[in-house]
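K.L.:
Once you've had a glance at the structure underneath, I'll fire off some questions.
The values are calculated or read from the model by the stated rules, or taken from the named source; none is laboratory data. Being a predicted model, the structure only gives us computed values, none of them experimental. As a convention, Cβ positions derive from the backbone with ideal geometry for all residues, glycine included, and neighbour counts pool all protein chains shown. Ligands, DNA and RNA are stripped out before the accessible areas are found, and what is left, the full protein with its side chains, is counted by its heavy atoms. Shrake-Rupley method; radii C 1.70, N 1.55, O 1.52, S 1.80 Å.
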Amino acid sequence: MARNKYDIDEVIEERFDLGQLRRLGRYLIPYKKDMAAAAFLMLSASALTMLIPRFFMTLMNDLIPNRDVRGLFLYSFYTLLIILYSALALRLKIQITNRVGQNVIHTLRSDLFCHLQELPFSYYDERPHGKIQVRLVNYVNNLSDLLSNGLLNTITDLCSLIFIILFMLSINVELTLMCMCGLPVLAAFAALIKRRQHRAWQIQSNKQSNLNAYIAESINGIRVTQAFVREEENRGIFNRLSDSYRQAWMHAVRFNFMMGPTVDVISAVTTAFLYVMIVNMTMGGDAASVGVLVAFTGYISRFWSPITTLANFYNSLLTAISYLERIFETIDEPVAVQDAPDAVPLPAVTGRVDFSHVSFSYEEGVRTLSDVSFTAMPGESFAIVGPTGAGKTTIVNLLSRFYNVESGTITIDGHDISKATLRSLRTQMGVMMQDSFIFSGTVMDNIRYGNRTATDEEVIRAAKTVCAHDFIMQMENGYETQVNERGSRLSAGQRQLISFARALLADPKILILDEATSSIDTETEIVLQQGLNELLKGRTSFIIAHRLSTIQNCTRILYVDKGQIQESGSHEELLAQKGAYYRLYMSQYETA
């Protein structure tokens with residue numbers, strides 16, 4: 001998939017892979033008893049309804065000529081029972097298949113969502129989020145009808161077709177073969193358009209994915225759009241993507257709509273020939289031909305009905321496979337960052353962190369970190385400074401194992417973090433990233449997000465420590481105030497303070513603060529710094545900051561540039577060296 005591009009199609013798999021359908025079928029295994037019950041209901045109802053044309057043939061050939069009133073009423077009663085049973089069976093079948101179909105959809109979507117939760121940051125770095133979302137929502141929803149009705153209807157209609165053919169053969173072999181002569185023509189037509197139809201639906205899914213990606217991007221960036229008066233340009237981009245989707249959809253459904261008329265034409269031609277043959281039999285003096293005419297008239301309509309259903313299922317199948325390819329492609333995406341086979345839980349740590357010759361690249365051939373080594377002792381505070389893109393955030397991302405190092409090792413208390421379980425590693429860390437993400441819910445829930453067992457008092461204490469308590473209490477419902485997704489009701493500084501409280505509430509041994517005070521005013525920062533100095537005692541902390549006034553008291557400052565540690569020391573030591581850190585500090589001092 002193209003990196004962060006809404007206007008580039010995903011790679012299309014040319015081969016028509018029925019293995020995707022078999023894989024989907026495995027989701028039905030837990031419901032095999034329900035499916036068997038529904039199949040029995042439909043097959044029994046189908047078999048019984050096949051008797052009705054035979055009843056009419058008996059009426060015409062035997063009961064009516066012999067004036068057998070009792071037999072007439074008896075066969076009418078049998079017909080009524082069959083119709084009632086078929087109606088009941090259809091109702092029960094719909095209930096069962098809808099329940100099973102929605103359960104499978106739920107399981108499939110759950111598997112997809114759970115896998116997305118495990119995929120590393122690199123997966124999301126390379127993909128527009130809208131193209132991921134469309135797989136989880138739209139593509140899975142489009143499988144609903146196939147699972148609820150399509151598969152079972154196909155099985156029962158196929159069996160019904162077999163029943164019909166057997167009944168027809170029992171009446172007249174020649175007429176039956178004539179009725180079936182249109183099937184090879186239909187099969188040849190389906191095979192002829194299969195590949196083009198499959199590709200058309202793949203292209204349609206790509207255009208839908210592109211449109212969804214742009215919609216998601218536009219919603220997230222609506223403030224920037226309006227600030228720069230980009231509405232007209234964005235409307236043009238949207239219309240272009242929407243028109244591409246419309247054209248792709250129209251092209252794809254054109255193939256689907258070809259199947260119905262084709263079945264109708266073939267059925268009309270074969271039915272006409274059958275009527276000609278039956279009329280010839282009648283005019284030839286065959287007394288039984290009237291009953292045959294009545295019976296075959298009933299069977300002919302039933303013969304083409306399941307074939308029409310099968311043709312519709314064939315269309316749905318080709319559409320579904322184009323979606324299944326994308327769904328299972330996502331589920332099969334390897335989890336690059338996961339527990340090693342021999343991973344063990346990381347014991348309670350004191351906080352010693354060692355980077356030993358660590359190198360890392362986001363993209364092949366572009367080195368982000370190169371041979372980085374340092375040691376942080378328990379309780380020390382490390383500040384990481386340097387120009388934009390120097391690799392500061394990458395260092396703390398590797399420490400949290402959001403990415404795997406390419407070479408070198410990172411250890412905590414002597415334990416290689418690549419050999420520790422992710423859960424045991426990350427539960428002992430408190431991380432506040434540059435993006436202060438706020439979830440929809442209450443302020444209390446957002447602060448408690450990283451420590452669900454924390455009491456209300458502990459949440460309030462953490463908020464007071466980071467100077468968030470006062471503004472929270474000024475909101476209409478205090479800590480129970482509902483905030484919108486991404487915290488749109490809050491200022492950037494307020495979002496950052498809540499995220500700060502969230503990180504601190506986890507009570508970690510290792511604390512990571514990535515631009516923790518970038519959106520906080522100077523007055524609040526001064527008060528916050530007092531609380532932080534107390535809080536950082538006994539914790540190993542890594543603080544990324546551009547404002548050097550916030551990190552002067554750190555145990556050590558690492559100046560990172562071009563993926564390497566250029567300078568290391570305390571604030572006073574680095575100023576005395578009059579190197580890169582000195583120049584950075586003086587530039588801020590002069591600006592201030």
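K.L.:
With every protein chain present, what is the per residue accessible area of the chain (1.4 Å probe, Å²)? Show your work: numbers first, answer last.
P.N.:
Details: 29620 Å² over 592 residues.
On a per-residue basis, 50 Å².
K.L.:
Taking the Cα centre of the chain as origin and charging only Cβ (+1 Lys, Arg; -1 Asp, Glu), how large is the dipole, in debye to the nearest 20?
P.N.:
1720
K.L.:
Classify the stretch 103-182 from the C-alpha gyration tensor, please: rounded if a/c falls under 1.5, else prolate or oblate depending on whether a/b exceeds b/c.
P.N.:
prolate
K.L.:
Can you give me the relative contact order of the chain as a percent, contacts being Cα pairs under 8 Å and 6 or more apart?
P.N.:
With pairs under 8 Å counted, the relative contact order is 14 percent.
K.L.:
Right, here's the next one. Label-point separation (nm) for PHE121 and LEU72, each offset 7 Å from Cα along Cα-to-Cβ?
P.N.:
So the two model labels end up 8.6 nm from each other.
K.L.:
Hey, another quick one. Just check the chain against the gyration tensor rule for me: Cα atoms, a ≥ b ≥ c as the square roots of the eigenvalues, rounded for a/c under 1.5, and otherwise prolate or oblate depending on whether a/b exceeds b/c.
P.N.:
Cα axes put the chain in the prolate bin.
K.L.:
While we're looking at this one, here's another question. Would you mind checking the pairs LYS32/LYS194; LYS464/LYS509; LYS207/LYS392 and listing those with alpha carbons more than 28 angstrom apart?
P.N.:
Too far apart for the 28 Å limit: LYS32/LYS194; LYS207/LYS392.
K.L.:
In addition: Specify whether the C-alpha gyration tensor of the stretch 552-592 places it in the rounded, prolate or oblate class, a ≥ b ≥ c being the square roots of the eigenvalues: rounded for a/c under 1.5, otherwise prolate if a/b is larger than b/c and oblate if not.
P.N.:
Oblate.
K.L.:
For the chain, what does -39500 (n - 2.57) per DSSP helix run (n ≥ 4), summed and divided by total residues, give at 222 nm, in deg cm²/dmol to the nearest 500?
P.N.:
When only DSSP H runs of four or more count, the value is -19500 deg cm²/dmol.
K.L.:
Can you name the helices of the chain, as whole DSSP H runs, whose Cα span along the helix axis is 24 Å or more and whose Kyte-Doolittle mean is not below 1.6?
P.N.:
Once both thresholds are applied, what remains is 151-171.
K.L.:
Would you kindly state how much longer the chain becomes between ILE222 and ALA47 on full extension, computed as 0.36 nm times their sequence separation minus their alpha carbon distance, in nm to one decimal?
P.N.:
57.0 nm
K.L.:
Follow-up question, since we're still on this one. Using a cut-off of 21 Å between alpha-carbon atoms, which lysines can reach LYS33, once sequence neighbours fewer than 8 places away in the same chain are excluded?
P.N.:
Cross-link targets: LYS93.
K.L.:
Would you work out which of ILE266, GLN204, ASN280 lies farthest towards the positive end of the dipole of the stretch 186-288? Charges go on Cβ: Lys and Arg +1, Asp and Glu -1.
P.N.:
Positive-end residue among those listed: GLN204.
K.L.:
Put GLU126, GLU364, GLU406, GLU380 in order of accessible area, largest first, 1.4 Å probe: what do you get?
P.N.:
The ranking, largest first, comes out as GLU364, GLU406, GLU126, GLU380.
K.L.:
Just the number, please: carbon plus sulfur as a percent of the accessible area of the chain, 1.4 Å probe, no ligands or DNA/RNA counted.
P.N.:
C and S fraction of accessible area: 57 percent.
K.L.:
Continuing with the same structure: Under a Cβ-Cβ cut-off of 14 Å, what is the net charge of the residues other than ARG448 that fall near it, where Lys and Arg count +1 and Asp and Glu count -1?
P.N.:
Residues near ARG448 contribute -3 overall.
K.L.:
For the stretch 290-408, what is the relative contact order in percent, using Cα pairs closer than 8 Å and at least 6 residues apart in sequence?
P.N.:
Computed over the stretch 290-408, the figure is 22 percent.
K.L.:
Of all the C-alpha pairs in the stretch 10-128, what % are more than 26 Å from each other?
P.N.:
The share of Cα pairs beyond 26 Å in the stretch 10-128 comes to 53 percent.
K.L.:
Ranked highest first by the average count of other Cβ atoms within 10 Å around their residues, in what order do 551-557, 248-254 fall?
P.N.:
Ranking, from highest mean packing down: 551-557, 248-254.
K.L.:
While we're looking at this one, here's another question. Specify the inter-centroid distance of the stretch 74-116 and the stretch 429-492, based on alpha-carbon positions, in whole Å.
P.N.:
47
K.L.:
Which of the peptides 96-104, 476-484 is most tightly packed, and how do the rest follow, going by the mean number of other Cβ atoms within 10 Å of each residue? Walk me through the numbers before you get to the answer.
P.N.:
Numbers: 96-104: 18.8, 476-484: 14.0.
Top to bottom by mean Cβ count within 10 Å: 96-104, 476-484.
K.L.:
Oh, and also: Would you mind checking which residues have amide H under 5 Å from ARG352's amide H? H placed 1.01 Å from N; only 5 or more apart, or other chain.
P.N.:
The answer is ASP413.
K.L.:
Can you give the relative contact order of the stretch 365-468 as a percent, counting alpha carbon pairs under 8 Å and 6+ residues apart?
P.N.:
13
K.L.:
Let me ask something else about it. As a test, work out the antiparallel percent of DSSP beta bridges whose residues both lie in the chain, rounded to the nearest 5. Display every interim value, and only then the final one.
P.N.:
Working: 21 of 39 bridges.
Within the chain, antiparallel bridges account for around 55 percent of the total.
K.L.:
Once the Cα gyration tensor of the stretch 70-145 is found, what semi-axes does its equivalent ellipsoid get, as square roots of 5 times the eigenvalues, in whole Å, sorted largest first?
P.N.:
Values for the stretch 70-145, descending: 51, 10, 5 Å.
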